[in-house]
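Values quoted throughout were computed directly from the atomic coordinates according to the rules given, and no laboratory measurement underlies them. This is a predicted model, so every value here is computed, not measured. In this analysis, Cβ positions are derived from the backbone assuming ideal geometry, glycine residues included, and neighbour counts consider all displayed protein chains.
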Amino acid sequence: MDEFEFDGDVNWEAHFAGFGEDWDVIERVLPDGWQDAARRTGALRRTRGFKDAETLLRVLLIHLVDGCSLRETAVRADAGGLIKVSDVALLGRLRGSGEWFRWMVEQMSARLSTTGHDVLPGKRVRLVDASVVCEPGATGSTWRVHYMLDLSTLACEQLLVTLPEEGETLTRFTVQANDVVMADRGLAHRRGIRHVVNHQGDVIVRMNMVSVPLEDDRAHAVELLPKLRKLKMGQAQDWPAWIRDGQGTIAVRVCAIKKSAEQTRKSQAKLREAASKKSRNLQPDTLEAAGYIVVLTTLQNVPASQILEMYRHRWQIELAFKRLKSLLHLGHLKKTDPVGAKAWLQGKLFVATLIETLIAVGERFSPWGYFQSKEQRQTQSLA
């Protein structure tokens, strides 16, 4: 990445809207070849109106970052001297930019990725999640966006928009052989796990002790807490178990590790707060279970420590997902247009990845043009 000057007083709203004088900061963190990719992927196949990829991206960022409607985006683009364009034409440009956004996210994420592409050689790790999107305005509707991402690139593989009352389930997604589907406990259900297994995939899901009852090899119910109580700090342990459904049994492993005392207190405090808001009583077993991370997987030949480490990688990118989910609440989802909806979400992923990249670049930036060595800093602090 080239060296460049960074103004510490950047007007970020104007910066992202495309009107700021610091556009070059964003441009320099974009992947090599991003302008050519706009033409190659079809985002800039027709140059009528938009003279280049930079103008197109700056206008689309108004829509994606500020949550403006397409009509308002067109007005702001005109007022900023970028381009005169109709909201209908902008929708067409957005629909055609999904693959361009996907390509840029993949290239930028490769520089940020801590997981790498070979977490499990021969496997494709897919992260499934969902978020409720509230449209702006007093009459705005609420929708649930279900999406599947490639963990190593954060590229959006699948997307589905439903009513909010339609629950989260792995059965909504297409699964291929050698896929490893990773999800939080809200998606840990027998029917969804069966769906993945029937399509020759595997799962790594946070354990939901209510919706996924387990049996031992004698078809007796598995009591996890007595096993968990024997764990020592830092010790990863696993136990074989089986899930029984109408199609038979599924062999699984329960992988667990004990939390620190501080982390346990935080988890229990969250449970108490949530129960208080809903006027519910917490069971003692529920509070005790909060002292452990328990993950269920169908992978049989991967050490428990590696399974838990993979799930930890999901937590490592949780900050990016929180940013993504906050960005999802800003904007107008093209719910009646699957192509537009997927392009919209891919654009949101691009914005989240762009923010992560700018943060990473900021950590390597020095306003005086060079970094002092650790020895220099220590010497000066003692002077």
Checklist outcome for this item: Expressed in Å to one decimal, the Kirkwood Rh of the range 177-316 from all distinct alpha-carbon pairs is 15.8
Item to check | Listed residue (L30, F101, A79) projecting farthest to the positive dipole end of the range 29-119, Cβ model | outcome: A79
Item to check | Gyration tensor (alpha-carbon) shape descriptor, the range 229-284, a/c threshold 1.5 | outcome: oblate
Next on the checklist: Skipping prolines and chain starts, which residues have an amide H placed within reach, meaning under 5 Å, of the one on V133, given they are 5 or more residues away or on another chain?
Outcome noted: W143, R144, V145
Checklist outcome for this item: Most exposed first, judged by fewest Cβ atoms within 10 angstrom, I250, I204 run I250, I204
Item to check | Under the Karplus curve 6.51 cos²θ - 1.76 cosθ + 1.60, θ = phi - 60°, whole-Hz ³J(HN,Hα) for the range 278-293, x wherever Gly or Pro sits | outcome: 9, 6, 10, 8, 8, 7, x, 5, 5, 5, 5, 5, 5, x, 9, 9
Next on the checklist: Suppose a student asked you for the relative contact order of the range 171-285, using Cα pairs under 8 Å spaced at least 6 residues apart; what percent would you report?
Outcome noted: 18
